[in-house]
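Trainee: The structure follows.
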Amino acid sequence: MIEIDNLTFQYNNSDRPALKDICLHVEKGGFTGIIGPSGAGKSTLTYCINGVVPHYLTGDFYGSVRVCGLDTVDNGCMVLSRHVGSVFQDPESQIVTSVVEDEIAFGLENFNTPYDEMEKRITESLEMADISHLRHRDTAGLSGGQKQRVAIATAIALRPEVLVLDEPTSELDPEGSASIFETLSRLNHEYGMTIVIVEQKVMLLSKHSKRLIVMQDGRIVLDGMTREVLRHSEKLVELGINCPRVVELAGKLSKNGLYQGDCPTDVDEAYTMVTDILRRQK
Amino acid sequence: MKSLLTYVNGESFFHRLHPLTKLAWAVAACVACFASGSLPFVAAMVILCILIAVFGGIFSEALSVLKFFGVVAAILFVLQIVFVRSGIVVISLGGFSVTDEGLLAAFFVSLRTVGSLAPLSLMIMFTPTTALSAALTDNLRVPYKYTFIVTAALRFIPTFTDEMDHIVQAQISRGHAIDGKNPVKRFFGILPMSIPLLVSSVRRIDQMAISLETRGFGLGVRSTYKKQSFKAGDFIALAFVALILVLGIAL
Amino acid sequence: MIQVDGLSFSYSKKLPSILSEVSFNIQKGEFVALIGQNGAGKTTLLKQLNGLLKPTRGSVKICGMDTRTHRTSLLARHIGYLFQNPDHQIFCETVGSEIEFGLKNILQDEDIINERIKEISALLSLGDKLDKSPFSLSRGERQRVALASVVALKPDILVLDEPTTGQDYRECMEIMDIVKGLNDSGTTVIMVSHDMEVVAEYARRTIVLRGGTVAADGATPDIFRKTDILSSSNLRPPQIVELALKFEDGFHTVVTAEDMYCEIARRCGK
Ligand SMILES: Nc1ncnc2c1ncn2[C@@H]1O[C@H](COP(=O)(O)OP(=O)(O)O)[C@@H](O)[C@H]1O
Ligand SMILES: Nc1ncnc2c1ncn2[C@@H]1O[C@H](COP(=O)(O)OP(=O)(O)O)[C@@H](O)[C@H]1O
Ligand SMILES: [Mg+2]
Ligand SMILES: [Mg+2]
């Protein structure tokens, strides 16, 4: 679905590459999380997938990026936007109209979609994003979480195969963030949408993503199944990444010789770990 | 203040009128108020605006707009009193006198300002920006790029006023005394605060451009979701608009 | 230090109350977290503390001063407020003049001001950035500049609205460690945060705000064990507390991985 080979990219007004020799293949139907400190190149990587780089943000581009079989150098953002939906960090600057349904219609209008088809897609995408009840609402009066859902609905109205999200929950409370993730999981399971998401909330991400990619300084430094990646707790701490606290606990325990087994990645596994340790002591 | 130039959701007769009808009304009312030399006519126009706001169900929002116009009108009022020197002196304060002609002129100018601006503001409150831009593009053949700029600008007004509130509060909170009583001091205190507003606006606009890029903006031929046609109500309203224009010029 | 008494507030007469009957006292040197879902009224409550908003009913007293009778710009000497978005606060050409800006409002002596700038920039590791434009810095650094300009006034109380939003973990820890340092040297801290791990690690006391009322107020480990109150406020305890609650004794007052580790080590006789 996404094939990135030996990608190196340097912004025009910059003195060093933002991405260095990236190789990344994402399968259809995947749910991939990207984490890393700020400045690591996470946003730039998402821009490479939706074609913003190199078409809107320009620079030196080496290597190749193919999305749904389309080379992003030969195909502009417009062509790609039928295949890749994009959601960004700040919901405020993604909304350009004053009524929710108009906002979703906006993208469809740009593609000259006939009226009946638009009607159908608007209803469908509102439903998929769980906001059918907001259809006629004023966009200015929505909460941050609702605005972010509108942005998601807007992206999926074009029926993309891939949805790329760049820190979509940064302004939301824990519950708001969790419910965005549940919506994404549903899109992934029920509609087979391929999801690529950049996120700082590692604990939430690890609950939903199948695969986890860790970036630092323009490179991919860890890539694998979520649970496998999380087990590298020392590496994560060294990179300054917020690893789940149960991982941190297991790290402390094994360092002091209290635990030798596999590193737990969620509360249930940690429970087994702690009960084992305590039982062994008795 | 926030709703000065933003759409207010509703289902009233005025909401349902064709955007061009409302635009025609705004332009005609504005021209009529300026062309007319009759105080009663201009006063009637202001009252008409208030009635429209009441029957359109947006009175409480319109009230804050009225407050804003009130301030503008008051400033003009004072200026007129100061500058018109002919006529009989009514009040005299030291070397400073207020004449009856000055008062009348001041009253007229402030009323005329409200009468000519209020219809425009009402039109915006009754019309979703997308409907307006669609009408301009479809009926008047204004290129979509231009109408989009206008609609996007209107859409961002509440964002910017909110942002300005935050900025001013942030400065007061670190001891910048712009919460005092002196309005002149307050104004010059707030002035430099346009820098953070500018910076965050540039960031926003940059981000918005990227978002537009990924949504097929500027591809060429577009379809329109909310295509409106002229209905009976529009023709009645347009006839009324023509009447106002004629009256304004005649009186 | 802070006395909030029967505080009720609505943005206008026609709108419903955002805060109702909120009362609490905060003593000198406390580190208090204020948590609750979006729209619970946390920001509204913080703005009451430095007088940006005034009570509709009840009263707020800061160091004995009633916010209704004291201007916010004067209260600023006692209470520093860090807004959620650093870009709302920053507007000077260099980092140095940004820190100086607030100081000039309260101090006259140039030497004292320069001294203070040096001290604060060292404390927040901004020493090498004083001549740079704040807008060329990363978001995390801009947040530190904003914090520096507030802390420079040496307020007795520091109010923080979601200080770690939009930053990566390392930047988040940097900010929090600075705040902890200030708290250790006697500054009273009140912080709104959505990150329960941060709350667990730094705040000794936690107040839960739900629909504009105080739903719970107490020591952080106790609050995180009131699962019914948390879930009705759309909150979840931190991961370690979830783990601790799986055990019959709830592992007493454990809230962080470090606590948990120490407790396990103790039970294993180490
Ligand atoms: N529009 C741009 N122009 C020049 N340099 C940029 C631009 N956007 C990002 N960069 C630089 O590219 C690097 C990676 O940034 P980014 O992809 O935004 O990282 P992340 O999203 O992981 O925080 C940073 O060093 C940043 O300064
Ligand atoms: N300036 C304002 N005018 C009217 N209502 C407001 C204003 N600011 C916030 N509110 C309302 O007050 C409530 C509480 O908001 P806020 O204090 O920002 O909550 P929190 O910080 O807990 O997310 C929300 O319902 C919000 O819509
Ligand atoms: Mg980024
Ligand atoms: Mg808030």
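Read the figures in this text as sums done on the coordinates, not as results from a lab. Being a predicted model, the structure only gives us computed values, none of them experimental. All Cβ positions, even for glycine, are placed from backbone atoms using ideal geometry, and neighbour counts span all protein chains on display.
Trainee: On the first, second and third principal axes, largest extent first, how far apart are the outermost C-alpha atoms of the protein assembly as shown in Å?
Mentor: 103, 66, 51 Å, listed from the longest principal axis down.
Trainee: Using only alpha carbons, build the gyration tensor for chain A and give me the equivalent ellipsoid semi-axes, biggest first, whole Å. Walk me through the numbers before you get to the answer.
Mentor: Numbers: eigenvalues 252, 118, 47 Å².
After scaling each eigenvalue by five and taking roots: 35, 24, 15 Å.
Trainee: Using a basic spin-label model with each label point 7 Å from the Cα along Cα→Cβ, how many nm lie between residue C:154 and residue A:79?
Mentor: If labels sit at residue C:154 and residue A:79, their model points lie 6.5 nm apart.
Trainee: If each of residue B:55 and residue B:242 carries a label point 7 Å out from its Cα toward its Cβ, how far apart are those two points in nm?
Mentor: Those two pseudo-labels are separated by 2.0 nm.
Trainee: Sticking with this structure for a sec: How far is the Cα center of region A:201-266 from the Cα center of region A:87-101, in Å?
Mentor: Value for the Cα centre distance between the two parts: 34 Å.
Trainee: Extent of region B:107-154 along each principal axis, from alpha carbon coordinates, in Å, largest to smallest?
Mentor: Over region B:107-154, Cα extents along the principal axes are 41, 17, 16 Å.
Trainee: To continue, here is another question. In the protein assembly as shown, if the dipole is taken from +1 on Lys/Arg beta carbons and -1 on Asp/Glu beta carbons about the Cα centre, which of A:95, B:62, A:196 is farthest to the positive end?
Mentor: So the residue furthest toward the plus end is B:62.
Trainee: How big is region C:134-190 on each of its three principal axes, counting only the C-alpha atoms and giving the largest first in Å?
Mentor: Answer, in whole Å and largest first: 31, 21, 16 Å.
Trainee: Something else about it: For the pair residue C:236 and residue C:114, what calculated FRET efficiency results from E = 1/(1 + (r/R0)^6), where r is the Cβ-Cβ distance and R0 = 35 Å, to the nearest 0.05?
Mentor: So, using R0 = 35 Å, E works out to roughly 0.15.
Trainee: Summing -39500 (n - 2.57) over the DSSP H runs of n ≥ 4 in chain B and dividing by its residue number, what mean residue ellipticity at 222 nm do you reach, to the nearest 500 deg cm²/dmol? Each step should come with its number before you reach the end.
Mentor: Numbers: 10 runs with 179 residues, N = 251.
It lands at -24000 deg cm²/dmol.
Trainee: Shifting gears a bit: Need the C-alpha centroid separation for region B:139-184 versus region C:233-270, integer Å.
Mentor: Each part reduced to its Cα centre gives a spacing of 48 Å.
Trainee: Where a ≥ b ≥ c are the square roots of the eigenvalues of the C-alpha gyration tensor, would you call region B:31-172 rounded, which needs a/c under 1.5, or, failing that, prolate if a/b is larger than b/c, or oblate? Numbers along the way, then the final one.
Mentor: On the way: a/c = 2.44, a/b = 1.64, b/c = 1.49.
Prolate is the answer for region B:31-172, as a/c is 1.5 or above and a/b outweighs b/c.
Trainee: Can you give the mean number of other chain Cβ atoms that lie within 10 Å of the Cβ atoms in peptide C:169-175? Don't skip to the end; give the middle numbers.
Mentor: On the way: counts 12, 6, 3, 3, 2, 1, 0.
Mean shielding by partner chains, rounded to a whole number: 4.
Trainee: What are the equivalent ellipsoid semi-axes of chain C, built from the alpha-carbon gyration tensor (square roots of five times its eigenvalues), in whole angstrom, biggest first? Each step should come with its number before you reach the end.
Mentor: On the way: eigenvalues 204, 129, 50 Å².
Computed over chain C, the values are 32, 25, 16 Å.
Trainee: Using a/c under 1.5 as the rounded threshold, could you call region C:34-187 rounded, prolate or oblate? The axes a ≥ b ≥ c are square roots of the C-alpha gyration tensor eigenvalues, and prolate needs a/b larger than b/c, oblate otherwise. Could you put the intermediate results ahead of the total?
Mentor: Numbers: a/c = 1.88, a/b = 1.29, b/c = 1.46.
Here region C:34-187 falls in the oblate category.
Trainee: Can you pick out the pairs among B:145/B:226; B:22/B:67; C:28/C:246; B:22/B:227 whose Cα atoms lie more than 25 Å from each other? Can you show the working numbers first?
Mentor: Values: B:145/B:226 18 Å; B:22/B:67 23 Å; C:28/C:246 36 Å; B:22/B:227 16 Å.
Beyond 25 Å between Cα atoms: C:28/C:246.
Trainee: Still on this structure, I have one more. If you count, for every residue in A:266-275, the Cβ atoms of partner chains within 10 Å of its Cβ, what is the mean?
Mentor: Working: counts 3, 8, 3, 1, 6, 5, 0, 2, 9, 2.
Average per residue, whole number: 4.
Trainee: Where in region A:46-79 does the label zone of residue A:16 land, with the point 7 angstrom along Cα→C-beta and an amide N cut-off under 20 Å?
Mentor: A:46, A:59-62
Trainee: For a 24 Å ceiling on Cα separation, which of these pairs sit above it: C:47/C:226; A:42/C:118; A:201/A:235; A:255/C:270?
Mentor: Details: C:47/C:226 27 Å; A:42/C:118 35 Å; A:201/A:235 17 Å; A:255/C:270 14 Å.
Pairs exceeding the cut-off: C:47/C:226; A:42/C:118.
Trainee: Rg to Rh ratio, chain B, alpha-carbon atoms and Kirkwood radius?
Mentor: 1.03
Trainee: Which order do the peptides A:249-262, A:82-95, A:196-209 take when ranked by the mean count of other beta-carbon atoms within 10 Å per residue, highest first? Before the final figure, lay out each step's value.
Mentor: Details: A:249-262: 16.6, A:82-95: 23.9, A:196-209: 22.1.
Ranked by mean Cβ neighbours within 10 Å, highest first: A:82-95, A:196-209, A:249-262.
Trainee: Between the alpha-carbon centers of region C:8-55 and region A:25-52, tell me the distance in whole angstrom.
Mentor: Using only Cα atoms to place each centre, the spacing works out to 39 Å.
Trainee: Over all directions, how big on average is the projection of the convex hull of the alpha-carbon atoms in region B:142-214, in square nanometres? Kindly include the intermediate steps, with their values, before the conclusion.
Mentor: Working: hull surface 25.1 nm².
The directionally averaged projection comes out at 6.3 nm².
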